[in-house]
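Report on the structure given below.
The values are calculated or read from the model by the stated rules, or taken from the named source; none is laboratory data. These numbers come from a predicted model, not from an experiment. Backbone-built Cβ (ideal geometry, glycine too); neighbour counts: all protein chains shown. Just the protein is used for accessible areas: all its heavy atoms, side chains included, with ligands, DNA and RNA removed. Shrake-Rupley method; radii C 1.70, N 1.55, O 1.52, S 1.80 Å.
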Amino acid sequence: MRANYILKLLEKDERLDGRKLDQFRPIAVEKGVIERAEGSARVKIGKTDIIAGVKMEIETPFPDTPNEGTLKTNIEFAPIAHPDFSPGPPSEDATEIARVVDRGIRESNSIDLEKLCLVEGEKVWGVFIDLHVINHDGNLIDASSLASVAALMNTKIPKYEDNKIIRTEFVGKLPVLHTPINVVVSKILDKYIVDADKEEEEVVDAWLSVATREDGYVCAMQKGGSKALSLKDIDYMIDLSSKKSKELRKHL
Amino acid sequence: MAKIKGIELIKDGKRLDGRKPFETREVEMKVGIIPNANGSAMVRFGKTTAIAAVYGPRLLLPKHLQEMDKAIIQCRYNMAPFSTDERIKPGTSRRELEISKVVRLALEPVLFLENYPKTTIDVYVEIIQADGSTRVTSVNAASLALADAGIPMKDLVVALSGGKINGQLILDLNGIEDNNSEADVPMAFMPNKKHITLLQMDGELKHEEISKLINEMFKAGEIIYKKQIEALKNRYSE
């Protein structure tokens, strides 16, 4: 019933909460919310609430990149966040979101990973982004990506001495070179919307997540949803996503 | 496979394996290769080989997973431990879990799921040898296996990858190109209406490069589409 109402409104270019089709809910970004983490941020988009924490750990580099630090992104659909979330191993959806967010950061060369090498081939800094969903009201991808980049910008590298991490002293900030921003554009009927909330997501036909860098390059994309898209759809969605990414970047 | 610094992947307009930028590798397709399955197929792009089997539509159990008004697709993409240079640990990785999902979604738009309530259509894909573009090879194999299973489809699903190496847009990335590319864009679509059912991208591309690549993939997809039809016809002409 509610779904039909959403569709009916969309025919008139209207949404349940009165937003325009290309309008985000109010966005709040707060950096440095977790003192024990090397970097952190909490992002709220409407009622969606996510905390990103960055931990720095000593890792062995991958054999093919012996002089680069590592990056790992993980998301936890904590059971506190939604009645449908239950404890257990990460679901398919959680895994997809973590990988979509990870790719935006990785492929845009957001972090200068070469600066995170301690001993080539042996020891490098590992950057672990952990996303914790506190309340799920849709658009977890945009919120996660914004929280991740905000947390990275806020991350300090601890001192490393005599094979020990001294977490109370810092040698500098994490070298962040680029700020990729993910914006998901969703197609419902023949309309395109941004920042779909949970109820709207239930009726989305197809979506496209686009990560855009500040220089306009597209660094990652992912299509989702059970319906197909045309090239015309995709061209329109990339344009809208890039445009909105500029708006979101101002919150960093 | 490792990333190689400063590698020249394209020289005088030719790629390392001698292909032109928009040329695909040798493609082989065979339908009906697993007697036990309702439908099956093997698809090979160069050294990348995928085998797909379809079981169903069959009753979905446990019951609480059933949808009252339609079938669901359960899809698993899996790489054999021996399919790459370094052995792959058995068990589902994050990468495999995600690919299973996008492959499933690539197939969903062509099926009439509402015709088979409470059932599942199980699509299993095994990569027995990997040399880049494994997910799109999987989609081609799954498309053929579904058709072979006699499940009505709105269209076949054709898939291939595009990308960019040394500043040049290309099609059908092999392993070394995949690992050293500036961008890669796997795509699946329904050829008759050019409806895109899978699209991913990573790397760095301008918007107009993405559109150009998609158009090139539509073009090359015509050939793959013909090969799929040919493979299906061959199944019954032997």
Among (1) within 14 Å of chain B (Cβ to nearest Cβ); (2) open to solvent by 40 Å² or more (accessible area, probe 1.4 Å); (3) farther than 26 Å from residue A:33 by Cβ, residue A:163 falls short only on (1)
Check on residue B:43, open to solvent by less than 20 Å² (accessible area, probe 1.4 Å), in contact (Cβ under 8 Å) with a residue 60 or more places away in the chain and within 14 Å of chain A (Cβ to nearest Cβ):
no
Qualifying positions in segment A:35-60 - touching a helix residue (DSSP H, G or I) at 6+ places or on another chain (Cβ under 9 Å) and either among the aliphatic types (A, V, I, L, M) or closer than 30 Å to residue B:176 by Cβ (or both):
A:37, A:41, A:43, A:45, A:50, A:51, A:52, A:54, A:56
Of the residues A:64, A:93, which is of a type outside the set (A, V, I, L, M, F, W, C), touching a Lys or Arg at 6+ places or on another chain (Cβ under 6 Å) and not in a strand (DSSP E or B)?
A:64
Given the criteria more than 14 Å from chain B (Cβ to nearest Cβ) and either open to solvent by less than 20 Å² (accessible area, probe 1.4 Å) or under 15 Å from the mean Cα position of the chain (by Cα) (or both), does residue A:251 qualify?
yes
Quick test of your reading of the structure: residue B:155 fulfils all but one of (1) open to solvent by 60 Å² or more (accessible area, probe 1.4 Å); (2) farther than 17 Å from residue A:221 by Cβ. Name the failing condition by number.
(1)
I need the full set of residues from segment A:105-139 which are among the aliphatic types (A, V, I, L, M), open to solvent by less than 10 Å² (accessible area, probe 1.4 Å) and closer than 22 Å to residue A:33 by Cα, in order please.
A:105, A:127, A:129, A:131, A:133
Which pairs turn up if I take residues in segment A:78-101 that are more than 10 Å from every other protein chain (Cβ to nearest Cβ) and look for partners that are of a type in the set (Val, Ile, Thr) and open to solvent by 30 Å² or more (accessible area, probe 1.4 Å) with beta carbon separation below 8 Å, at least 6 apart in sequence or on another chain?
A:78/A:134; A:80/A:134; A:81/A:134
Would you confirm whether or not segment B:47-62 contains a residue that is more than 14 Å from chain A (Cβ to nearest Cβ), touching a residue at least 12 places away in the same chain (Cβ under 8 Å), assigned to a loop (DSSP other than H, G, I, E, B) and over 23 Å from residue B:149 (Cβ atoms)?
yes
All positions within segment A:198-226 that are over 20 Å from residue B:195 (Cβ atoms), open to solvent by less than 20 Å² (accessible area, probe 1.4 Å) and outside any strand (DSSP E or B)
A:200, A:213
Filtering segment A:76-100 down to residues that are open to solvent by 40 Å² or more (accessible area, probe 1.4 Å), within 19 Å of residue B:92 (Cα to Cα) and hydroxyl-bearing (Ser, Thr, Tyr) yields A:91
If you take the residues of segment B:169-188 that are open to solvent by less than 10 Å² (accessible area, probe 1.4 Å) and among the acidic types (Asp, Glu), which of them is farthest from residue B:226 (Cα to Cα)?
B:177
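Taking the residues in segment A:46-61 that are assigned to a strand (DSSP E or B) and open to solvent by 10 Å² or more (accessible area, probe 1.4 Å) as candidates, determine which candidate is farthest from the other protein chains (Cβ to nearest Cβ).
Step one: list which residues in segment A:46-61 are assigned to a strand (DSSP E or B), which gives A:48-59.
Restricting the remaining residues to those that are open to solvent by 10 Å² or more (accessible area, probe 1.4 Å) gives A:49, A:51, A:53, A:55, A:57-59.
Working: A:49: 24, A:51: 21, A:53: 19, A:55: 18, A:57: 19, A:58: 22, A:59: 17 Å.
Applying the filter and picking the extreme gives A:49.
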Based on what the data block shows, is residue A:107 within 14 Å of chain B (Cβ to nearest Cβ) and charged (D, E, K, R)?
yes
Can residue A:185 be described as among the β-branched types (Val, Ile, Thr) and either in contact (Cβ under 8 Å) with a residue 40 or more places away in the chain or facing another protein chain (nearest Cβ under 10 Å) (or both)?
yes
If you take the residues in segment B:189-201 that are within 7 Å of chain A (Cβ to nearest Cβ), open to solvent by less than 30 Å² (accessible area, probe 1.4 Å) and free of Cβ contacts under 8 Å to residues at least 60 places away in the same chain, which one is farthest from residue B:104 (Cα to Cα)?
B:201
Here the residues within segment B:203-226 that are away from every other protein chain (no Cβ under 14 Å) and either buried (at least 18 other Cβ atoms within 10 Å of the Cβ) or not basic (Lys, Arg) (or both) are B:220, B:222, B:223, B:224, B:225
Inside segment A:27-45, can you point out the residues that are crowded, with 20+ Cβ neighbours inside 10 Å and either under 13 Å from residue A:155 (Cα atoms) or polar (S, T, N, Q) (or both)?
A:37, A:38, A:39, A:40, A:41
Residue by residue through segment B:227-238, note down the ones that are open to solvent by 70 Å² or more (accessible area, probe 1.4 Å) and either touching a residue at least 40 places away in the same chain (Cβ under 8 Å) or assigned to a helix (DSSP H, G or I) (or both).
B:227, B:230, B:233, B:234, B:235, B:236, B:237
Run down A:150, A:228, A:206, A:143 and say which single residue is under 29 Å from residue A:4 (Cβ atoms) and either of a type in the set (Asp, Glu) or more than 14 Å from chain B (Cβ to nearest Cβ) (or both).
A:143
